[in-house]
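Notes follow once the structure below has been shown.
The values are calculated or read from the model by the stated rules, or taken from the named source; none is laboratory data. Source: prediction; values computed, not measured. Here the Cβ positions follow ideal geometry from the backbone for every residue, glycine too, while neighbour counts run over all protein chains shown. Protein only, heavy atoms only, side chains kept; ligands, DNA and RNA dropped before computing areas. Shrake-Rupley method; radii C 1.70, N 1.55, O 1.52, S 1.80 Å.
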Amino acid sequence: MLQKIRSSDISRTLRQRRLQDRLFHLFTVWLLTAAYTSSPAHAVALLSDEFELYLPWTQFRGQTYSVQMHSATGDNLKFLLNTTVTRNKASESALANVDDDLTVVVPQVGYRGELYRATLSHDGSDAFRVTHAVPVSATAGRGIPLSTALMETRTAEQIAAEYPIAAIAGFELRYDVTVYRVSYQTQDAFGNLVAASGVVGVPVGVPAGAPLLSFQHGTITRHDHAPSINPEETGADLALYLMGARGYLVAVPDYLGFGDSTALHPFMHAKTLAWSVIDLIRAVRSLATDSGFPLNGQLFLAGYSEGGYATMAAQREIEIHHAGELVITASAPMAGAYDLSGTMLQQALTDDPLPKPMYFPYVLLAYNQIYGFDDNLANLFNESIAATVPELFDGSNDGDTIDTALPATASDLFAPALLAALENGDYHPLKAALAHNDVYRWTPVSPTRLYHCLDDDRVPYENSTVAIDHFAAAGADVRLETLFFGNHSDCAIPALLSGNAWFDSLVALP
């Protein structure tokens, strides 16, 4: 294990150096230096593909501002000031700090799915120039297990009786399964070390090494629906018991905002979802080593809906930053909203009633907390719902309840100014945030298959076609399995069974 960690650190350092060189060569991003303040940031800046820079919390001479800049023509390292807006609320820890010499220190800026630190220096005229840039390093202590608690044990016979789908699918259930709740350390969107939780299904008495399956669950809003509290609410029980009884060691993260983490869930935020997955995998491997439970080295990733998105986000993060530590045997993202800035935004802006209205306020609330768009929610949401939206997502309501309480059209959900910016192509940091959280903009190297029903009503099939087209253009060997089992809800079980059949062709079961 120590050797794996050291190899990962070395490969990550080399990748960071190559990335830094490439960023400067292409005149792209820029980031912080030794002037980085010791207090944690509470927002993430954004750099768009058009080199528009948004700094949500910028402190200068005791006042906090949001700042928008754009790059100078022909020089993507030189930024000109567009607007400054006084923030109504002072940040606990301003994102960017400006000294009397007008040097701007930015702890975190998001660009094309990655995070950087940058320094911009005033050039004496009307511009700021990027003078230093480095990738943000991972927070130490991630993936350390904090505690475990026994939840229950079910025999193979009980599992077979409770899940008749096992016989229909031809599953051979050979092992009893013990389920544990696991607490572990991960990091939040701002780089702070935080406690997270998940649930793990352990096949009892395996004679040889077991494969590890990380299963990512779909969208939830109620705290008591977290997999570590009630696995049945998310379908996590299917993975825990059916796959566990076949010989897989199964891990299901709660995600931040659920279980041990009680803040608002960072819905559709690629990095925190990926980190929650990766750090639970690390914790489970560590616990397996300490307890003498045998693993065979195989790692499978799968998930549906938000879980499909989280699966692709985790795969991307592993392949780019942790390839020396984790090797993916196969990854099966299913029905995920991979193309937030394109397919999903287009769905949100349609004049037709939305099939799942709560998705879009959920994203906007989460992103506003991370990227600091506006202190006044009435500038983001329609005034008829702005005051009540946070209460709907306080962890006590399920998705159907929230849908019933919300209007179903974009014009009734969003503030007119925000809607106009999104529809007319005007700048708004939300568009940069959506693009930053698209999860298909890389070249997969692990065996990967996407599963999606053609008639998906909530997460359109085009999310997968956009992703597969990008992968194919990049030369990746990725397949899209098109399914014909109805809408988003109807497709879940057929997609999971199809993915399992593919895993069966690759897995070495004990």
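Some points to look at:
- For a label point 7 Å along the Cα-to-beta-carbon line of ALA472, residues of the stretch 418-443 with backbone N under 17 Å: 440-443
- In the chain, the C-alpha radius of gyration followed by the widest Cα-Cα span (Dmax) gives 22.8, 76 angstrom.
- When DSSP beta bridges are restricted to pairs lying wholly in the chain, around 70% turn out antiparallel.
- Cα-centre dipole for the chain with unit charges at Cβ (Lys and Arg positive, Asp and Glu negative), debye to 20: 1900 debye
- 1.4 Å probe accessible area per residue over the chain, in Å²: 39 Å²
- Here the accessible area is traced with a 1.4 Å probe on the protein chains. For the stretch 203-332, carbon and sulfur cover 54 percent of it.
- Note on THR155 and ALA378: the extension gain reaches 75.0 nm, defined as 0.36 nm multiplied by sequence separation minus the Cα-Cα distance.
- The eigenvalues of the Cα gyration tensor, multiplied by 5 and square-rooted, give the stretch 39-148 an equivalent ellipsoid with semi-axes of 26, 18, 12 Å from largest to smallest.
- Ellipticity estimate at 222 nm from DSSP helix runs (n ≥ 4, -39,500 (n - 2.57)) divided over the chain, nearest 500: -9000 deg cm²/dmol
- Separation of alpha-carbon centers, the stretch 307-370 and the stretch 145-174, rounded to whole Å: 29 Å
- Principal-axis analysis of the Cα atoms of the chain puts helix 462-473 at an angle of about 80° to the longest axis.
- FRET E, pair SER411, THR73, Förster distance 51 Å, beta-carbon r, rounded to 0.05: 0.90
- In terms of overall dimensions, the C-alpha atoms belonging to the stretch 140-254 reach 46, 33, 21 Å along their principal axes, ordered largest to smallest.
- Farthest towards the positive end of the charge dipole of the chain, among the residues VAL200, ALA288, ALA432, is the Cα of ALA288, using unit charges on the Cβ of Lys, Arg, Asp and Glu.
- FRET E, pair LEU81, SER147, Förster distance 51 Å, beta-carbon r, rounded to 0.05: 0.55
- Note on ALA169 and GLU423: with the Förster distance fixed at 41 Å, the Cβ-Cβ geometry gives a FRET efficiency of about 0.35.
- The chain, relative contact order in percent, only Cα pairs under 8 angstrom and at least six apart counted: 13 percent
- With Cα atoms, 0 to 90° folded angle of helix 306-321 axis to the chain main axis: 70 degrees
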